[in-house]
1. Would you mind listing the helices (runs of 4 or more DSSP H) fully within segment 54-165 where at least 1 residues are farther than 27 Å from PRO178 by Cβ and of a type in the set (Gly, Ala, Ser)?
2. Hey, among the residues in segment 147-196 that are polar (S, T, N, Q) and more than 18 Å from PHE248 (Cβ to Cβ), which one's surrounded by the fewest Cβ atoms within 10 Å (Cβ to Cβ)?
3. Residue pairs, Cβ under 7 Å, 6 or more apart or interchain, first in segment 268-289 and assigned by TED's automatic domain parsing to the domain that holds PRO231, second among the acidic types (Asp, Glu). List them.
4. Name the residues in segment 100-124 that are farther than 17 Å from ALA87 by Cβ and without any contact (Cβ under 8 Å) to a residue 60 or more places away in the chain, would you?
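The values are calculated or read from the model by the stated rules, or taken from the named source; none is laboratory data. Values in this document were obtained by computation on a predicted structure and should not be read as measured data. Backbone-built Cβ (ideal geometry, glycine too); neighbour counts: all protein chains shown.
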Amino acid sequence: MASSSSTDRLSIASNVQGWNPQQVNTPPQYLGRKTLPIKRNDAEPLTREDLQYDLLYYIFADRTPAFVDPLAPGRPTVNFCDLYVNALYNSSKCSKVLKDKMVETPAFAIEFAKIALLTNVGRINTTMAFFPEMKTALRSYHPVPSLQKTDGNLQDAPRIKNCLKAALLPSEFKVPPPSSPAEVLEKVRAGQIPPTSVVNLIFVLANSNHAQTLAHTHFDAPLEFLDLFLPINLSSASRARAFLWLMFYYLQGPDKPNPFADELSRAQPGKVPRLNHLSREQMQQENVDPPEEIDWGRKMSAHRTKFLRDLVDEMEMERRKKKEPPPTAPPVSPPLTTEQLSAIRRQRMQRQGPSATASPAQNSRGSSHTHDYPVMRAAPDPRAQSSRMAPRSHYSENTAQERSMLEQAWHLTQTVDPLQDSDEEGDEHLRLDYGRRLRVLSRLRGKSPTPEPIPEPEPMPPQAMPTPMPGATDPSGGPHQSQFRVQLNQDAGDQGSGRLQQVHFWK
């Protein structure tokens, strides 16, 4: 009786299945291992076929309220899309910017959940990034036209995986979450619903260590759990239903009526619903990229190529700058000494004409003629003529070369060093300028710019030379020649040098 019942069940299952498991065509590049990350070059778009977009659409478009959401207030029963998006939103590694964008744009939240599900099962490798300005050489950029229709940032695979790893139940932060299908079912039988988060459950089912156990329990050879996410000749709708059936089986319990079951899964407890076989023509009708997505992918690839070219050029310029020695600063000449400045000034005065080429004896400091001014000369004192030397003729003005006071001031600013003692720079033009200044002062004061002399002057030493100055009358009313005396150094080494050692003021 039992044997006949078992035979009838197998015959029903064979009729319901309607396809031979050996007819499943897995692409050759996916036969080696079942983690199966997508392999693409940098800047190459991920197509709908790469993502199995239709499969993702059927999974997140199903509105069957079958799952208890432990993170929502009141633990409501929600569909898979709300359950998965809420798990990502409550992850401790989900940034505030990402949370705000998920609330602001629900369409972006679903796009992010789809790319996160592919990362959850291992289809998206952690070397992938989804923003073109990525600079690190450890990751490759890939535009995803079908999942980047909003202005949100899908970030990169490592950040997505960190967000997934932290999407746990509150109780699982203190106690490690279950790590095998058997541990999950053990918690379910213990009455813990759900036994773990939906994200952790997918990590467990996608683990290659449990592939053979899941394949033997829920699938017919040679199918495995990860085959549901591969581009194989099984319809996207049937694969999405099988995935949702497995989610309910482990999250809500194997003993509860599964809303995603069909006649085959009810006839064979523990087996997934029927998976429909597709012909080659039917496969080509699924996961078709529309023209606007193809164009957008090419545009982003070109943008990435330009960004990399500019980045390489910038790095090459920096490398050349580091390789080339820095330009050496021009040598700084030592500061000129006083003797050098005097020599340069003499050469400049020689180039200016005969008026600047006075002899060193005439231009030496302390010489008598540098203190004599050819203005307002008083008549010689008869009393002093016998004891004084006759005054020398200092210069004869050349009216053709005479400078005005403004021209002389401009000449001084262009040729005279202000830091040098002016006594070394006397010439005819300078003495003429001094005389003009004295005449201006005399007119302003109404008298000669000299102090009143003392009637009885002291006898002059033989070394000093008399110098006539503007006269002033003595108390007797007669003209008197004022004088000043210069005492020169009597040392042998200073004789003839003309150095002014002491000035006796008016007596």
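1. Details: elements: 80-89, 96-104, 106-121, 157-165.
Correct list: 106-121.
2. Filtering segment 147-196 for residues polar (S, T, N, Q) gives 148, 150, 153, 155, 162, 171, 179-180, 192, 196.
Filter once more, keeping what is more than 18 Å from PHE248 (Cβ to Cβ): 148, 150, 153, 155, 162, 171, 179-180.
Details: GLN148: 22, THR150: 17, ASN153: 15, GLN155: 19, ASN162: 16, SER171: 11, SER179: 15, SER180: 14.
Going through the qualifying residues, I end up with SER171.
3. PRO273/ASP262; ARG274/ASP262; GLU286/ASP54; ASN287/GLU49; ASN287/ASP54
4. Result: ASP100, GLU104, THR105, ALA107.
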